[in-house]
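S.K.: First, the structure itself, so that you have it in front of you.
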Amino acid sequence: MPDKLLIDITEGILGLIGGVGISYLLPYFGVSLGFGLGRGILQTVVSPSLLIFTLIFSTLIGMIFGAIPAFRASKLKPVDALRYE
């Protein structure tokens, strides 16, 4: 389970990096589409509390959706759990 947690946290951090990058580029794409001048009208705010919440939320989602199949497989016989369809 610690390996799964590390993977979930890593994926959450990569998602945060992508999301923050998009949020900083969004006003410039808005300008090219005709929505405002510079960073005036279209602005995005990325707060530290939002980043922490997003990282915790993505980790919890990853752990839940990793635990459900593992729980179902634990109810099967080992041969049935390892068999492919």
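S.K.: For a quick check of your reading of the model, give me the residue pairs whose first member lies in segment 58-85 and is under 15 Å from D3 (Cβ atoms), whose second is among the hydrophobic types (A, V, I, L, M, F, W, C) and assigned to a helix (DSSP H, G or I), with beta-carbon atoms closer than 8 Å and at least 6 apart or on different chains.
M.R.: Note: pairs meeting the criteria are T59/L5; T59/I9; G62/I7; M63/L5.
S.K.: Does L42 satisfy the condition of being modelled with pLDDT of 80 or more and not hydroxyl-bearing (S, T, Y)? It would help to see each step written out before you state the result.
M.R.: Values: modelled with pLDDT of 80 or more: no; not hydroxyl-bearing (S, T, Y): yes.
Here the answer is no, as L42 does not meet what is asked.
S.K.: Ok, one more. Where the second residue is surrounded by fewer than 15 Cβ atoms within 10 Å (Cβ to Cβ) and at pLDDT below 85 and the first is more than 16 Å from F57 (Cβ to Cβ) and among the aromatic types (F, W, Y) and lies in segment 1-30, which pairs have Cβ atoms under 9 Å and are six or more apart or on separate chains?
M.R.: Here the result reads Y24/T44; Y28/G38; Y28/R39; F29/F35, each pair linking segment 1-30 to a residue that is surrounded by fewer than 15 Cβ atoms within 10 Å (Cβ to Cβ) and at pLDDT below 85.
The values are calculated or read from the model by the stated rules, or taken from the named source; none is laboratory data. Everything numeric in this text was worked out from a predicted model, so none of it was measured. No Cβ is skipped: glycine too gets one built from the backbone with ideal geometry, and neighbour counts run over all protein chains shown.
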